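Every read-out reported here was derived from the displayed coordinates using simple, explicitly stated rules and does not represent laboratory data. In this text the structure is predicted, and so the values were computed from the model without any measurement. Note that we place each Cβ from the backbone using ideal geometry, even for glycine, and neighbour counts take in every protein chain shown.
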Amino acid sequence: MAPPTPPTSRLIDSPGLCAAAHTAAASFLENATRITDLIFGSVCHRFPRLRFVSVERGAGWAPSVLDALYWQWQNGGVWREHPEYDLLISQYFGRQIYGCFWFERQGIRTALELFPDIQRYETDLQHPTCMPPGPQSRAALRPRDHTEWALADLPESTLRTVLPNNAAALCGLA
């Protein structure tokens with residue numbers, strides 16, 4: 001007799017919006033894996049002027065992922081095996097990997113405190129994971145309302161950096 005199907009397998013196999021929401025949420029973790037590959041695979045070290053933009057994957061997860069990467073880097077002896085890596089994990093990340101956020105409320109504040117120069121607020125055309133409320137939204141705020149709420153009490157300099165300046169600099173317009 002086969003073991004029962006785990007609930008997550010049933011979710012993944014289910015059609016429609018539930019599966020789309022699952023895929024969108026899981027892609028945040030997959031994104032962290034790709035960033036880990038860029039840093040641990042020495043891409044950031046070998047190509048210091050190359051920039052990466054993580055789009056539609058949020059940014060609030062970055063501090064906890066970077067903590068894990070730093071721990072593994074130090075605890076696993078990567079620094080000993082690769083003395084040519086002359087920067088810390090957070091320095092490679094802060095130098096080369098831009099993040100974008102839109103719906104986040106809690107984790108983004110820490111990411112903005114640590115890495116204001118590489119975070120950007122994004123809006124998008126309507127699709128299941130975008131900021132503007134769509135036909136399936138229950139409690140979503142309009143982008144302007146969410147931004148005012150999520151970024152309240154941040155210094156004016158951080159707001160200028162995150163809202164217009166980072167995108168302009170990345171695109172060579174600043």
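The GluC sites (Glu not before Pro) of the range 18-115 that meet both conditions, a loop assignment by DSSP and at most 12 other Cβ atoms within 10 Å of the site Cβ, are Glu84.
Subtracting the Cα-Cα distance of Arg34 and Val55 from their residue separation scaled by 0.36 nm leaves 6.3 nm.
For Leu87 and Glu148, what is the calculated FRET efficiency with R₀ set at 41 Å and r taken between the beta-carbons, to the nearest 0.05? Present the calculation step by step, with values, prior to reporting the outcome.
Numbers: r = 36 Å, r/R0 = 0.87.
Efficiency computed from Cβ-Cβ geometry: 0.70.
Length available on full extension from Leu159 to Arg80: 0.36 nm per residue minus the Cα-Cα distance, which gives 24.5 nm. Qualifying trypsin sites (Lys or Arg not before Pro) in the range 23-88, where qualification requires a DSSP coil assignment and no more than 10 other C-beta atoms within 10 Å, comprise Arg49.
For the range 23-114, just say rounded, prolate or oblate: build the C-alpha gyration tensor, square-root its eigenvalues into a ≥ b ≥ c, call rounded for a/c under 1.5, and beyond that prolate if a/b exceeds b/c, oblate if not.
Working: a/c = 1.88, a/b = 1.69, b/c = 1.11.
It comes out prolate by the Cα gyration axes.
Fully extending the segment from Ser27 to Phe47, taken as 0.36 nm per residue of separation minus the present Cα-Cα distance, adds 4.7 nm.
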